[in-house]
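Engineer: Here it is: the structure, laid out below.
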Amino acid sequence: MSEWTVRERTVLEIAEPVRSVEVRVVSGRVDLVPGDSEGAHLEVTEIDGPPLRVTVDNGRLTVAHEDLDWSSVLGFRLRSRERRRAVVSIAVPASCDASVGVVTADAVVAGIEGDVRVRCVSGDVTLDGAVGSVHVQTVSGDVELRDVTGAIALNTVSGELTIVDGRPPSVQAKSVSGDVTLDLRPSGTVEVDVTTVSGDLTVRVPATTGLDVDVVSTSGEVASAFDGVELSKRPGVHRMSGRLGDGTGRLRGRSVSGRVALLASGQP
Amino acid sequence: MSQVFRHGALRLYLLKLLDEQPRHGYEVISLLEDRFMGLYAPSAGTVYPRLTRLESEGLVEHEVSEGRKVYSLTQQGREELARNVDELASLERDLTASVSELARDVRRQVRESARDLRSELKQAAREVRREVRAEGRAQGRAANGQQEWSAAASDLSRAIDQIREAALTSARLVSDERIAAATDVIRRARDELERVLSSEDEGSP
C-alpha cells in the first residue's frame, strides 16, 4: 500500500494502477476526469484545515479526510469556525468505479465509464458522459447529468434534478420539493419511475418512444403533448395514462402537489 | 512534480516575465509558482543559473538595486521573444489545461445546458398545460350543451304527452275544422323544430 499526506497545494503522479477511486472532502470541490495512464494524476490546488490522506491499496485510490467516512457524509457537521476546505482534481483511468462523498463541496465527474456514486449534502453535483450506473444522493444540492447512458438513480430532498440528453435504460428519481426535469433520448427500452412531494415533474421523450404511461398527482395539474395519453381529473387524482407507440417502455410517476408535464421532442 | 515545462519552455517563460517589467530573481520564482497554481515550484537552484545563462547569451541584463540584482530584457531578448510568440501562446494554453481547469469547463458547460433545458421545458410545459386547459373548457361547454338539449327534449316529450291527452279527451267535442287547425299547428311546430335542429348542426363546430 502506498500512502501520502497532503498538507499543501500539491501535484502527485501515482504510477500504481488504479481501478477504483474514492474521494471524501468536506467543502471545496472534487473533480474526477479520465486520464491517459493506468495510474492517477492528483492535483490539490487548495487546501485549508487538516491534511488529506491519499492511499493506493490493491488498485483502490482513496483521497479523504480520515474522520469523514462514506456512511457519515450526509450527517456530517462541521464544528463551528472549523475550516476544512480542499479543491481536489484527479485524473484516473476512465474504466474506474468512482465514489465521491462531499458535505458542502461541489462535485464534477466527467467521462468516467465505471459505476459512479455521489453522496452530498449541499454541494452541486455535475456528471458528464457516464456509461456505468449512476447513483446520486443529495440533501439540498442540485444534480445535473449530461449524456449519461447508464442506469440512473437520484435521490434528493430539495435539490433540482436535471438530466440533459439522457440515454439510460432506467431512471429512478425521488425528490421532496426539488423539481425533476428529464430530457431523454432512449436508445432502447426505458423505464422511468419518479416520485416527488411538491416538486414538478417534466419529462421529454422523442415522439416515437414506446411508453406505457401512468402518472398521478394528487393536486398538481397533469398535461401531455401526446394524443395517446388520456388525462383524467377527479378530486384527489389527476392522472395521465396511456400507451405511446409500442408501449414497451414504462413511465411511472407519483406526486402530491407537483405538476406533471409529458412533452415530445423531435417533432417535425 | 509533473513535467509542466517542455524543453526550452522555461527559458521562454522567463523572457516573458522579464518583458512585462524588470524583476529580481526571487520575484521571478514566486511568479512562476503563482501562475501555475502551485503546480510547479521551481527552485532557486533552477532559476538563477537560467538567468545567468540568458545574460551570457545577451538576451537579459541586470543592474544592482538595493543590493539585489534586477533583471530586464535587452533588445535582443525582446526580438527572441517576438520570434517565439506562437510557442509562448501554446505554452500558456498547455499550462491552463490542467485537470482542475478541464473539470471547471465541463461543469460550466453542463450547468449552462441544464439551465437552458430547464427553461425550454418549463416554457413547453406551460404551453401544453394551457392547451390542456383550453381543451377542458371546450369539453365543459360541450357537456353544458348536452345538458340543455336533454332538458329541452324532455320538455318536448312532456308537451307531446299533454297534446295527445287533450286530443283524446276532447276529440268527440271538437269540430273537424278545429282538428285540422290543431294538426296544422303541430305540423308547423315540427317543421320549425327540424329547421332549428339542422341549423344548429351546421352552426356549431
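The values are calculated or read from the model by the stated rules, or taken from the named source; none is laboratory data. If you're wondering where the values come from, they're calculated on a predicted model, not measured in any experiment. All Cβ positions, glycine included, derive from the backbone under ideal geometry; neighbour counts span all protein chains shown. Just the protein is used for accessible areas: all its heavy atoms, side chains included, with ligands, DNA and RNA removed. Shrake-Rupley method; radii C 1.70, N 1.55, O 1.52, S 1.80 Å.
Engineer: Which lysines have a Cα lying under 23 Å from the Cα of B:LYS122, excluding residues fewer than 8 positions away in the same chain?
Structural biologist: Leaving aside lysines fewer than 8 places away in the same chain, those within reach of B:LYS122 are A:LYS174, A:LYS233.
Engineer: Report, by chain and number, residues whose modeled amide H sits under 5 Å from the one on A:VAL23, excluding near sequence neighbours (fewer than 5 apart, same chain).
Structural biologist: Here A:VAL63, A:SER99, A:VAL100, A:GLY101 satisfy the definition.
Engineer: Just in segment A:46-138: which trypsin sites (Lys or Arg not before Pro) are loop by DSSP and have at most 12 other Cβ atoms within 10 Å?
Structural biologist: A:ARG77, A:ARG79, A:ARG81, A:ARG83
Engineer: So what is the diffusion coefficient of chain A in µm² per second by Stokes-Einstein at 25 °C and 0.890 mPa s, using a Kirkwood Rh over Cα pairs?
Structural biologist: It diffuses with D of about 126 µm²/s by this estimate.
Engineer: Per residue of segment B:68-84, in order, report the coupling 6.51 cos²θ - 1.76 cosθ + 1.60 (Karplus, θ = phi - 60°) as ³J(HN,Hα) in whole Hz, putting x for Gly and Pro.
Structural biologist: These are the phi-based 3J(HN,Hα) values: 10, 7, 10, 8, 9, 7, 8, 4, 4, x, 5, 5, 4, 5, 4, 5, 10 Hz.
Engineer: Cα atoms only: what Rg and Dmax, in Å, come out for segment A:64-217?
Structural biologist: Reported Rg and Dmax, both Å: 16.1, 55.
Engineer: Whole percent per 5 Å bin, from 0 to the bin with the longest distance: what is P(r) over all C-alpha pairs of segment A:116-159?
Structural biologist: 8, 25, 37, 19, 11, 1
Engineer: Rounded to the nearest 20 debye, what is the charge dipole size of segment B:64-142 about its Cα centre when +1 sits on each Lys and Arg Cβ and -1 on each Asp and Glu Cβ?
Structural biologist: Roughly 960 debye for segment B:64-142.
Engineer: How big is the equivalent ellipsoid of segment A:31-72 along its three axes, where each semi-axis is √(5λ) from the Cα gyration tensor, reported in whole Å from largest to smallest?
Structural biologist: Here the semi-axes work out to 20, 15, 9 Å.
Engineer: What number comes out for accessible area per residue over segment A:1-148 if the probe is 1.4 Å? Units Å², please.
Structural biologist: Roughly 39 Å² per residue, with all protein chains present.
Engineer: With solvent modelled as a 1.4 Å probe, how much accessible area in total do chains A and B shield from it at their shared surface, in Å² to the nearest 100?
Structural biologist: Protein heavy atoms only, the A-B interface buries about 3100 Å².
Engineer: Hey, another quick one. When DSSP beta bridges are limited to those with both residues in chain A, what percentage is antiparallel, rounded to the nearest 5?
Structural biologist: Numbers: 35 of 125 bridges.
Given both bridge residues lie in chain A, the antiparallel proportion sits at roughly 30 percent.
Engineer: Same structure again: Under a Cβ-only charge scheme (Lys and Arg +1, Asp and Glu -1), can you give me the dipole magnitude of segment A:25-65 about the Cα centre, in debye to the nearest 20?
Structural biologist: 180 debye
Engineer: In deg cm²/dmol and to the nearest 500, what is the mean residue ellipticity at 222 nm of the protein assembly as shown if only DSSP H runs of at least 4 residues count, each as -39500 (n - 2.57), divided by the residue total? Let's see the in-between values first.
Structural biologist: Values: 7 runs with 157 residues, N = 473.
For the protein assembly as shown, the value works out to -11500 deg cm²/dmol.
Engineer: So, one more: How large is the charge dipole for the protein assembly as shown, taken about the Cα centre, if only the Cβ atoms of Lys, Arg (+1) and Asp, Glu (-1) carry charge, to the nearest 20 debye?
Structural biologist: Around 1240 debye, computed over the protein assembly as shown.
Engineer: Follow-up. Taking only the alpha-carbon positions of the protein assembly as shown and ignoring solvent, what does the Debye formula give for the base-10 log of I(q)/I(0) at q = 0.07, 0.08, 0.09 Å⁻¹?
Structural biologist: Computed log10 I(q)/I(0) values: -0.57, -0.67, -0.77.
Engineer: Now a separate question. Excluding B:ARG130 itself, calculate the net charge of residues whose Cβ lies under 15 Å from the Cβ of B:ARG130, where each Lys or Arg counts +1 and each Asp or Glu counts -1.
Structural biologist: Charge balance in the 15 Å sphere: +2.
Engineer: Run the reach check for B:LYS69 against aspartates and glutamates, Cα to Cα strictly under 18 Å, same-chain hits fewer than 8 apart removed. What comes back?
Structural biologist: Hits, sequence-local ones excluded: B:ASP19, B:GLU20, B:GLU27, B:GLU55, B:GLU57, B:GLU61.
Engineer: Follow-up. Enter the accessible area of B:ARG129 (Å², nearest 10), with the probe set to 1.4 Å and all protein chains included.
Structural biologist: 20 Å²
Engineer: Here is a follow-up. Please report, as a whole percent, how much of the solvent-accessible surface of the protein assembly as shown comes from carbon and sulfur atoms (probe radius 1.4 Å).
Structural biologist: 48 percent
Engineer: For segment A:146-268, what mean projected area does the convex hull of the alpha carbons give, in nm²?
Structural biologist: 6.5 nm²
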